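Asks: Sending over a structure as structure tokens; questions will come in a sec.
Derivation of every value follows stated rules applied to the coordinates shown; laboratory data play no part. Computed from a predicted structure; not experimentally measured. We place every Cβ from the backbone using ideal geometry, glycine too, and count neighbours over all the protein chains shown.
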Amino acid sequence: MKSKLAKNIALVVISLLVAFTIFGKLARSPQVVEQMGHLGLEEELYLLAAIEIVALALYIFPKTINIGFFLLTAYYGGAIAVNLNDPVNTVPAIVFLTLIWMATFIRKPELFTPG
């Protein structure tokens, strides 16, 4: 029972975190628009939100968690790479990616075992 509760909590935490970033892009939050403007990505906010929506939707369902995990990892890995010159903006992506890996280890530990 504890294991199922831990898996559900991990899923809810990741879903809320990613949904928060999606909402910021879709609502064109001034902070998000400013940050993306510095990176030259202001026009791609809706595309980035769509990518996150698809990745999160795949991550939520147990049958597609693998592809969702790898898509979220690629997305936030890209966010880290794009923001490497600005540590203030890199830290949130590093935290999100770390939490995604931890939650995935809780939800599907066999993904991290060889063979």
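Asks: If each residue's Cβ is checked for other Cβ atoms within 10 Å, how do ARG28, ARG107 rank with the fewest at the top? It would help to have the intermediate numbers written out before the result.
Replies: Details: ARG28 13, ARG107 19.
Exposure proxy ranking, most exposed first: ARG28, ARG107.
Asks: Per DSSP H run of at least 4 residues, take -39500 (n - 2.57); add these up for the chain, divide by its residues and hand me the 222 nm value, nearest 500 deg cm²/dmol.
Replies: It lands at -26500 deg cm²/dmol.
Asks: Any idea what the relative contact order of the chain is, in percent, if you count C-alpha pairs under 8 Å spaced at least 6 apart? Numbers along the way, then the final one.
Replies: Numbers: 89 pairs, mean separation 31.0, N = 115.
Computed value for the chain: 27 percent relative contact order.
Asks: Go through the stretch 102-111 residue by residue and turn each phi into a ³J(HN,Hα) via Karplus (6.51, -1.76, 1.60, θ = phi - 60°); whole Hz please, and just put x for glycine and proline.
Replies: 5, 5, 5, 4, 5, 6, 8, x, 5, 5
Asks: What FRET efficiency do you get for THR90 and TYR46 if R0 is 22 Å and r is their Cβ-Cβ distance, rounded to the nearest 0.05?
Replies: Working: r = 23 Å, r/R0 = 1.06.
With a Förster radius of 22 Å, E is 0.40.
Asks: Averaging the inverse of every distinct alpha carbon separation and then flipping it gives the Kirkwood radius. What is it for the stretch 2-105, in angstrom units? Working shown, then result.
Replies: Details: mean 1/r = 0.0710 Å⁻¹.
Every distinct Cα pair counted, the radius reaches 14.1 Å.
Asks: Next question. Let me check I've understood the local charge: for GLU34, count other residues with C-beta under 12 angstrom from its C-beta, Lys and Arg +1, Asp and Glu -1. What total comes out? Intermediate values should be presented prior to the final figure.
Replies: Details: positive: ARG28; negative: GLU42.
Net charge in that neighbourhood comes out at 0.
Asks: Return one number: the angle in degrees, 0 to 90 and rounded to the nearest 10, between the long axis of the Cα atoms of helix 2-26 and the longest principal axis of the Cα atoms of the chain.
Replies: In the chain, helix 2-26 runs at an angle near 10 degrees to the longest axis.
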